[in-house]
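What follows is a single structure, written as structure tokens, with notes after it.
The values are calculated or read from the model by the stated rules, or taken from the named source; none is laboratory data. Here the structure is a predicted model, which is why all the values come from computation and not from measurement. Ideal geometry is used to build each Cβ from the backbone, glycine not excepted, and the neighbour counts take in all protein chains shown.
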Amino acid sequence: MLKSLFVLFPLVFVTFATAQTNVLVILADDMGIDTLDLYQPSSTDPLPVTDNINALAANGITFNNAWVTPWCSSTRAALHTGRHGWRTKIGTRIKNVPNAYSLNQQQVTMADYLANTNLATGAIGKWHLGTNGGGNDDAPRVAGGWDDFYGTNWALGSADDYWNWTKWINGVPYPNQTNYLVSEQSADAENWIINQHAAQNPWLCYLAFQAPYDLYHAPPAGLLNTPLPYSNDVCKNSTSGAVKRACYNAAIEAMDTEIGNLLNALQAAGALDNTLIIFLGDNGTPNQVNTYWPPNQVKGTVFEGGLRVPFIISGTPVVDPGRTSDALVNTVDIFKTVVSAQGIPLFTANVAEDSIDMMPLVNNTIADTDHRDINYMTHFEPNGYFVARTIHEEAARDMQYKLIRNCLTDFDMFYDLDADPKEEFPPLCSGSGCPGSLTPAQQQAYDALSAELQCK
Ligand SMILES: [Ca+2]
């Protein structure tokens with residue numbers, strides 16, 4: 001199998017290694033660009049205070065046009081493998097059913113790829129990539145390739161209570177955890193990284209917070225900048241969108257505080273020297289707390305409200321920090337960026353085919369337009385091979401135009417994102433083959449985008 005063959009090559013990689021860079025990937029759960037003042041400086045909606053995320057931006061690059069997938073699992077699969085869903089067959093969330101199609105051992109992940117270098121790899125937090133096809137309690141290590149895993153139940157995908165949850169450490173459950181989940185996830189990352197630093201191991205830490213997320217709750221008051229006037233029960237049970245949004249904003253503030261605690265502790269330990277920090281959301285904002293996008297064009301869809309998330313690359317390796325970038329970056333790009341940051345060439349066939357190294361953007365040696373001409377994303381249900389799809393929609397965009405196709409009905413919607421960044425007005429054309437009167441430039445863009453769609 002691919003994975004067992006793969007381990008034959010490590011000495012080649014080590015030979016090529018010239019310099020290594022620690023990498024901290026922080027993945028937020030259910031968080032679109034509508035949630036941060038960084039992306040919405042003139043918002044009239046109350047937004048959470050996120051001094052620590054803003055500091056990452058001040059010391060890094062803020063990407064304006066980053067895409068992920070509309071759901072937790074499909075984004076994670078793309079992030080870990082550098083491959084789009086039509087290759088991994090994970091196009092949506094993995095549900096908590098027996099033998100659910102999962103990230104499996106045949107997929108080469110970035111942790112696999114780096115497994116035989118001297119880079120230590122640790123995954124912390126929400127896994128949500130299944131149980132290697134069923135029942136494997138050690139899936140983050142077995143299928144994910146990580147050296148260590150500290151997190152929550154990957155069959156379910158998430159903890160269902162922030163103060164009563166089971167922690168899994170390398171395949172072993174530790175039930176009845178009562179520490180606030182987000183604080184524990186931050187502490188686990190801190191401990192793991194400090195240990196690697198003490199052992200003088202270069203490290204890659206993937207920290208997947210279960211926050212802000214659509215399990216609305218009232219975080220501990222001590223983590224908030226803005227007092228939350230609602231109890232945990234009210235956050236949980238209210239049917240008011242405004243109440244839910246206040247609780248959701250509070251969850252972002254709590255996560256931001258814990259990101260600050262984590263980075264301060266690492267800085268104090270000298271563990272952040274030569275460290276790349278990547279922060280992004282895993283999918284857009286949930287409909288119930290959406291105040292920005294057109295209704296129902298949010299999490300779970302391939303509209304911008306589902307795909308477009310905060311994406312920041314920060315840390316000491318960033319040249320000319322404090323920049324913004326319009327480059328069409330994608331969650332799949334993290335794979336080759338992490339590998340590239342180690343000074344390791346990526347030349348293996350059938351690995352991370354969709355990933356494009358972002359280090360030239362980090363080094364500020366290319367123009368934004370030179371990273372990728374067309375960004376692409378797919379969403380389908382259910383996951384897996386040889387199953388009839390009940391949902392299959394894809395999207396592709398260039399610097400200006402975007403094409404959405406329903407692959408089941410062959411229905412297209414073609415937008416000008418410069419003129420209509422929220423896709424709130426009727427598309428330039430819609431229907432099978434997108435009949436309508438397009439300008440020659442629009443037609444050329446439509447044809448190019450259409451050629452990128454896979455629908456398979
Ligand atoms: Ca999510």
TODO: Return a yes/no flag: does region 440-448 have any residue that is in contact with a Gly (Cβ under 9 Å, 6 or more places away or on another chain) and in contact (Cβ under 8 Å) with a residue 60 or more places away in the chain.
DONE: no
TODO: Tally the residues that are farther than 29 Å from Asp273 by Cα, away from the ligand (no atom under 16 Å from the Cβ) and touching a helix residue (DSSP H, G or I) at 6+ places or on another chain (Cβ under 7 Å), restricting the search to region 26-46.
DONE: 2
Open item on the list: Between Asp357, Asp320, Asp273, which is away from the ligand (no atom under 16 Å from the Cβ), assigned to a loop (DSSP other than H, G, I, E, B) and buried (at least 18 other Cβ atoms within 10 Å of the Cβ)?
Closed with: Asp357
Open item on the list: If Gly82 satisfies all but one of (1) touching a residue at least 12 places away in the same chain (Cβ under 8 Å); (2) of a type outside the set (Lys, Arg); (3) more than 16 Å from the ligand (Cβ to nearest atom); (4) surrounded by fewer than 24 Cβ atoms within 10 Å (Cβ to Cβ), what's the number of the condition it fails?
Closed with: (4)
- [ ] Kindly establish whether Thr257 is modelled with pLDDT under 95 and more than 16 Å from the ligand (Cβ to nearest atom).
- [x] no
Open item on the list: Among (1) buried (at least 24 other Cβ atoms within 10 Å of the Cβ); (2) more than 22 Å from Asp357 (Cβ to Cβ), there is one condition Asp45 misses while meeting the rest; what is its number?
Closed with: (1)
Task: Leu215, sole failed condition from (1) free of Cβ contacts under 8 Å to residues at least 60 places away in the same chain; (2) away from the ligand (no atom under 16 Å from the Cβ) - done: (2)
TODO: Considering only region 135-247, give the strands (runs of 3 or more DSSP E) lying wholly within it that have at least 1 residues that are within 23 Å of Ile334 (Cβ to Cβ).
DONE: 148-151, 203-212
- [ ] Answer yes or no as to whether Asp282 is among the charged types (D, E, K, R) and more than 23 Å from Gly91 (Cβ to Cβ).
- [x] no
Open item on the list: Among the residues in region 94-102, are any within 30 Å of Leu453 (Cα to Cα), within 16 Å of the ligand (Cβ to nearest atom), in the same structural domain as Ile356 (by TED's automatic domain parsing) and not polar (S, T, N, Q)?
Closed with: yes
TODO: Please specify each residue of region 50-77 satisfying the condition of being more than 14 Å from the ligand (Cβ to nearest atom) and of a type in the set (Ser, Thr, Tyr).
DONE: Thr50, Thr62
- [ ] Inspect region 202-224 for any residue being surrounded by fewer than 18 Cβ atoms within 10 Å (Cβ to Cβ) and of a type in the set (S, T, N, Q) and give the result as yes or no.
- [x] no
- [ ] Could you identify the single residue in Asp273, Asp326 that is at pLDDT below 95 and farther than 25 Å from Leu181 by Cβ?
- [x] Asp273
Open item on the list: Considering only region 117-131, I want to know if a residue exists there that is surrounded by fewer than 17 Cβ atoms within 10 Å (Cβ to Cβ) and assigned to a loop (DSSP other than H, G, I, E, B).
Closed with: yes
TODO: Scan region 302-317 residue by residue and report those that are within 13 Å of the ligand (Cβ to nearest atom) and out of contact with any strand residue (DSSP E or B) (no Cβ under 6 Å at 6 or more places or on another chain).
DONE: Gly306
Task: Check on Asn118, closer than 19 Å to Val339 by Cβ, in contact with a Pro (Cβ under 7 Å, 6 or more places away or on another chain) and touching a residue at least 40 places away in the same chain (Cβ under 8 Å) - done: yes
